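Asks: The structure follows.
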Amino acid sequence: MKVIICENYASECAQAADVIEKIVREKPDCTLGLATGSSPVGMYQELARRCREEGLDFSKVHSVNLDEYVGLSGDHDQSYRYFMDSNLFNHINIDKANTYVAKGVGDIEENIREFNSVLDNSVIDVQVLGVGPDGHLGFNEPGEALYDGAHKEVLDESTIDANARFFASRDDVPRYAVTMGMGNIMRAKKLLLIISGNKQDAARQLLIDDKITTACPATFMKLHQDAVVFIEKKLADEIGYKG
C-alpha cells in the first residue's frame, strides 16, 4: 500500500486526479469505480476542470458507483445518483448511459441482483474510496463478517450521525443502503483512497495498527496489490504517521 502525505486537501485532490487522468488517457474506455461523500468532491471538481480546459476525454469511460441509499429515488437531492450528476457527470463529457448507480427504490432484492450483475460483468480499473469515521468502505460497516458481493446494509449509528448534516434532520437519514461488497472493492485493479476530515481512528487503524479486521473494513486495503492512500499532513501528524 502506497501512502502519500499531502500538504492540504487541495493537494490531495490534485494528486488523486492525476491518478484518474493517467488511467483515462491510457485506456479511454476504462471503468471507474466512483464514491460519494465529501472526500472526493474536490477531485471531481479538478477532473471537471481538466475536461473543460485541458481536453481530458471521458466520452468512452464507464463508471460504477459504490452505493446508494435505500428509499431515495435518483432525483432526490441526497441520493447518490443526484450527487454524481451534480458533482461530476453534468460537468464532463461522459455518456450517462455508461454510468451506473444502483437503484434505491422499488424491489430492493431485484436492484441488488442487477447491481451484482453489473459488477460481475465489469472490470474496475480504479476504485475511488472515502472512509467513514468507523472505518467503513462504501457502506460496508464494521461487524463480525463482511460481504463479498453487493448487498443491503444496515447503517451504523455513527454513519447516520456523520451523514445527518446533509439532511433536514437526523430522522431523515436513511437507515439502509445498497453497497458493493468488500470482495467487489478488492477485485478492482487499483484502489484510491482519499482521507480527509475527522477520520483519526480509521486512519490510525489503516496506517499504523498491524491488524486487518472486520471491525475496521478499511484495513483490508492492506491486502490489495495496488492501493494508494492520500492523507492530509495535518491528519497524519495527529495520528503520528510519518510515512
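Asks: Checking residue 77 against (1) among the acidic types (Asp, Glu); (2) under 19 Å from the mean Cα position of the chain (by Cα); (3) over 25 Å from residue 112 (Cα atoms), only one condition comes out false. Which one?
Replies: So the condition that residue 77 fails would be (3).
Asks: Right, here's the next one. What is the one condition in (1) closer than 21 Å to residue 2 by Cβ; (2) of a type outside the set (D, E, K, R); (3) under 14 Å from the mean Cα position of the chain (by Cα); (4) assigned to a helix (DSSP H, G or I) that residue 193 does not satisfy?
Replies: Among (1) closer than 21 Å to residue 2 by Cβ; (2) of a type outside the set (D, E, K, R); (3) under 14 Å from the mean Cα position of the chain (by Cα); (4) assigned to a helix (DSSP H, G or I), the lone unmet condition for residue 193 is (4).
Asks: Hey, another quick one. Within the range 112-136, how many residues are surrounded by fewer than 20 Cβ atoms within 10 Å (Cβ to Cβ) and over 30 Å from residue 198 (Cβ atoms)?
Replies: Total meeting the criteria: 10.
Asks: Can I ask one more? Here is a list of conditions, (1) under 24 Å from residue 139 (Cβ atoms); (2) of a type in the set (S, T, N, Q); (3) surrounded by fewer than 17 Cβ atoms within 10 Å (Cβ to Cβ), and residue 63 meets all of them except one; can you say which number that is?
Replies: (3)
Asks: Here's another thing I want to ask about it. Scan the range 79-111 for residues that are outside any helix (DSSP H, G or I), in contact with a helix residue (DSSP H, G or I) (Cβ under 8 Å, 6 or more places away or on another chain) and surrounded by 16 or more Cβ atoms within 10 Å (Cβ to Cβ) and jot them down.
Replies: Answer for the range 79-111, where residues must be outside any helix (DSSP H, G or I), in contact with a helix residue (DSSP H, G or I) (Cβ under 8 Å, 6 or more places away or on another chain) and surrounded by 16 or more Cβ atoms within 10 Å (Cβ to Cβ): 88, 92, 99, 100, 101, 102, 103, 104.
Asks: May I ask you to list pairs of residues, at least six apart or on different chains, whose Cβ atoms are under 8 Å apart, with the first in the range 218-243 being among the basic types (Lys, Arg) and the second being part of a strand (DSSP E or B)?
Replies: 233/5; 233/6
Asks: Scan the range 17-73 for residues that are aliphatic (A, V, I, L, M) and part of a loop (DSSP other than H, G, I, E, B) and jot them down.
Replies: Within the range 17-73, 35, 56, 61, 66, 70, 72 qualify.
Asks: Quickly run through the range 72-131 and pick out the residues that are under 26 Å from residue 16 (Cα atoms) and among the β-branched types (Val, Ile, Thr).
Replies: Residues satisfying the conditions are 92, 94, 99, 101, 118, 123, 124, 126, 128, 131.
Asks: Next question. Would a scan of the range 146-159 turn up a residue that is assigned to a strand (DSSP E or B) and of a type in the set (A, V, I, L, M)?
Replies: Yes, that holds for at least one residue.
Asks: Restricting the range 182-236 to residues that are surrounded by fewer than 16 Cβ atoms within 10 Å (Cβ to Cβ) and touching an Asp or Glu at 6+ places or on another chain (Cβ under 7 Å), which is nearest to residue 131 (Cα to Cα)?
Replies: This residue is 200.
Asks: Given the condition assigned to a loop (DSSP other than H, G, I, E, B), without any contact (Cβ under 8 Å) to a residue 60 or more places away in the chain and more than 27 Å from residue 235 (Cα to Cα), answer yes or no: does some residue in the range 113-133 qualify?
Replies: yes
Asks: Is it the case that residue 111 is of a type in the set (S, T, N, Q), over 16 Å from residue 33 (Cβ atoms) and at pLDDT 95 or above?
Replies: yes
Asks: Which of the residues that make up the range 196-243 are under 12 Å from residue 136 (Cα atoms) and either of a type in the set (Phe, Trp, Tyr) or within 17 Å of the chain's Cα centre (by Cα) (or both)?
Replies: Hits for the range 196-243 are 199, 202, 203, 206, 216, 217, 218, 219, 220, 221.
The values are calculated or read from the model by the stated rules, or taken from the named source; none is laboratory data. The shown structure was predicted, so the numbers you read here are calculated from the model rather than taken from an experiment. Note: ideal-geometry Cβ built from the backbone for every residue, glycine included; neighbour counts use all protein chains shown.
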